[in-house]
Structure formats: structure tokens, C-alpha cells
Amino acid sequence: MLRILKHPVFARLFLAQVIALLGTGLLTVALGLLAYDLAGDAAGVVLGFAFTIKMVAYVGLAPIAHALVERFPRKAVLIGADLIRAFVALFLPFIDSVWQIYLLIFVLQAASATFTPAFQALIPDILKDEGDYTKALSLSRLAYDLENLMSPVLAGILLMLMNYHWLFGGTVIGFVVSALLVAFTAIPALRRQTKQRPFHERLTRGTRIYLATPRLRGLLSLNLAAAAAGAFILVNTVVIVRVGYGGEAVHLAYAMAAFGGGSMLAALTLPRLLETLTDRSVMVVAAFLLAALTLGHAIYSLIATPVIWGTFLLIWAISGMLYSAILTPSGRLLRRSAHAEDRPAIFAAQFALSHACWLITYPVAGWAGHAFGMPVAMIILGVVALFGAILSLLLWPKGSANVIAHTHPDLPADHAHFKHHQGHGKTHAHVFVIDDEHKVWPTHG
């Protein structure tokens, strides 16, 4: 897998991603300490609302940001977003009230909602071979997991040497270095649409393509399954470890390391697995297994005693594997589902819609765990995960072909589209994606 780093353009962009993620991880640790300084025992409420703002920014602003910056060079968009994030992080050590946290986090995450989809849509234009792109997706998944593991360790080392306010300086450095790496990378220009589209069409185009494509509707339901099980783990692990098992902070680190380690293991094995199995089979089976594991763990904890500590860590590791198996191949589906010029739009749609799932499951995980206890909360979210898995079977039919025979009764016989595809009259077959000539998915013929 690491051989893909021999590709100079991808290697430089991957390094930019890793450095920016480390900066984001330091920001998370420092933000928690800052919230405690400002709000004391209510720091959890402050952080919870800040993370909700993050999700709202992701869901609401990603399509808007794409529509606004679509006509700008991609390199300028990425560098600008990085510099805005650095500028915001520069102000965080100097704030003295909670509302300022909310304001600056919203601006920072708005910039992230611009950067991340644009960055993700860039990679398939650099790595044309699907095998190389699959390895890149797995490396990206590894980068996110390593950030979750390494950032707290790095923050802990730095906190032994300096005040936590300096961690924000690490965040600034991360974003600035990321911007510099992008600036010195040869990024291919995006092939522009020949048709000038009004703003409202640019705003909705990605979502329209996404929701009109069966495999992407299936992906959305699988995102819901992953978000349901993942939200329980990310929100409630601290309560389970500290209250349920009477553990210390180090035991929380072990639990999250088990989840992250399982996710990394799946990311390492997926490229070879996807050479023999379809994306649909891997993702759907993983979703059903994740739902079953969540429900089984919940029911056992409800009718018996909590599982022993070693078994709990194993469950978290397997959950991480299944979670990664659902999410890692998603870029392959997006790549196949749009022309190159429309990829940024559907990556922005995926960014917004997938985070909408988290916007639902995060509050449910926190509220249900507090109101009904951990086993009941697990059952609720396990049922949501199972619903997402079942829905994916209905929305993403087995054996869905890429090349589909279809007709164009609305196009004149001399339309330019027919010159590019062989067929009999207005009926022909080719790799089908939603675009200006194909506005709905064929259901027959």
C-alpha cells in the first residue's frame, strides 16, 4: 500500500492531510482545556454545543461553499481554506467568553467544509488507476485513525513542556504547512463545464446527482448505519469505561485505541479484499455485522452482567474494523457516479449528507445514554444501524450494472450525445451516470 506514496503529487498532498489532521487533533485537546477554564463543570455542555455547531456547519455549508468557489482554481481554494483555518486558530488562545468559542469554531468548520470535499475530489483526478485510488482511500482512513491515536499522545508530551494555549500554535503551524505543501504541488486543473449554470443549480447539482444514483442512495443508508454505531462509541465510551468499569483515563485511551486499531487493520486489508469482492458486498455485510454486534452487546449487557474488560476491548476493535469497512470504499462509489467535472459537487454532497447522519445520531447517543442507560442506548442505535443496513439492500440492488441500456426519447436524433455512443436509434448502452442528458436512473430497458 505504501508504494502509492511514490507518486510525488499524491505523496505531497497526503503529507498535507496528515499535518493538518495533527493540527486538528491538537485543537481538539486544547479546546477541551479552554472550555474547562471558561465553563468549569459545564465544559461538557460547551464542547457538546461546539461539536453540534461543527456538524451544522458541515451539513449546511459544504454545498454552499462548493457552489461559491466552483469557478476558482482548486489550488487557490485549498490554500485559502487552510489559511482561514490557521487565522481562526490564531485567535483561539485569546478568547475570554464561551460565545467566542462558538463563533470561531463555526468559521473554522466552514473553512473545513470547503477544504475537505475539494481535497477528496482532487485525489481521483491524480490517481487514475482504481487500484491506486483504493490504496489512497485506505491510507486516508489510516491517517484519520492515526490522528485519533497520535494527537492526544503528542498533546500530552507538549503539555509537559508548555501551557495548553501553545497547542493552538501547533494547530496554526499544521494548517500553514498544509497550505505550503499544496502551494508547491502541481494540481491538475478541473475540466470546466462548458455550460454556465446559475447559482441555485450549482448549489443543488451534487445532491441531485447523489440522490438520483442508486448506489449512492445505498451509500447514504450505510453512512447512517456507521454513524449510529460510531456515535455510541465516540460519545459513550468515556462513561462506560469510567463508570461501568471504574477505569482511569488510561483505560479510556486503551478503549479508543482498540477502536482505532481495528479501523486501521481494516484499512490495511481492504485494498486486497476489494480486488476479489464487490464494494457492495463488503460494505453491506459489514453494516449488518456492525448492527448485530451492537445489538448483541447491548442485549447481553441488559440481561446479564457487562462483558469482561478484555472482551469489551475486542468488541470495540471489531466495531472499528466493521466501521472502516463501511466507510473506506465510499470514495470509489463517488468516483464512478459522476463525470470528472461533477465530482467536486458529489463529494460536497457526500460530505454534507454523511454528516447529517452524525447530526442525528450524536444527540441520540448522548440523550439516550443519559436517560435510559448504556444498554438501552446501544439497542436504540443498534436498531438504527440495522435499519440503515436493510435500507441499503432496497436502495442499492444487487448486481447493479455500470453499463446500462437506455433510451433518449427527449433528445433529437442528431443530438451530439448519439455521436459518442453506438446504438440503434435513440437506444444505446454505456457507463451510466446522472448528467444533463441523463437526469433519471433507468428502471428498465
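Nothing in this text is a laboratory measurement; each read-out follows from the coordinates by a stated rule. A quick note: this is a predicted structure, and the numbers were derived from the prediction, not measured. Here the Cβ is made from the backbone with ideal geometry for all residues, glycine too, and neighbour counts use every protein chain on show.
Other residues whose C-beta falls under 15 angstrom from the C-beta of ILE105 contribute a net charge of +2, scoring Lys and Arg +1 and Asp and Glu -1. Would you mind checking LYS54/LYS75; LYS75/LYS135; LYS128/LYS398; LYS6/LYS54 for any pair whose Cα atoms are more than 28 angstrom apart? Checking Cα-Cα distances, LYS6/LYS54 exceed 28 Å. For segment 374-384, 3J(HN,Hα) computed residue by residue from phi via the Karplus equation (6.51, -1.76, 1.60; θ = phi - 60°) reads 5, x, 5, 4, 5, 5, 4, 6, x, 5, 4 Hz, glycine and proline entered as x. Between TYR254 and LEU83, the simple label model (points 7 Å from Cα in the Cβ direction) yields a spacing of 4.8 nm.
Distance between the modelled labels on HIS339 and VAL107, one decimal in nanometres: 3.9 nm (7 Å Cα→Cβ projection). Under the criterion of Cα pairs below 8 Å and six or more residues apart, the relative contact order for segment 1-186 equals 47 percent.
For segment 344-381, the residues whose backbone nitrogen is under 17 Å from a point 7 Å from the Cα of ILE390, taken along Cα to Cβ, are 379-381. Approximating the spin labels as points 7 Å out from Cα along Cα→Cβ, the PHE72-to-SER281 distance works out to 4.5 nm. Summing Cβ point charges (Lys, Arg +1; Asp, Glu -1) relative to the Cα centre of segment 1-186 gives a dipole of roughly 520 debye. With θ taken as phi - 60° and the Karplus curve 6.51 cos²θ - 1.76 cosθ + 1.60 applied, the whole-hertz 3J(HN,Hα) list for segment 315-327 is 4, 5, 5, 5, 4, x, 4, 5, 4, 5, 5, 6, 8 Hz, x standing for glycine and proline.
The residues TRP309, TRP396, when put in order of fewest to most other Cβ atoms within 10 Å, stand as TRP309, TRP396. Note on TRP309 and ILE95: the extension gain reaches 73.0 nm, defined as 0.36 nm multiplied by sequence separation minus the Cα-Cα distance.
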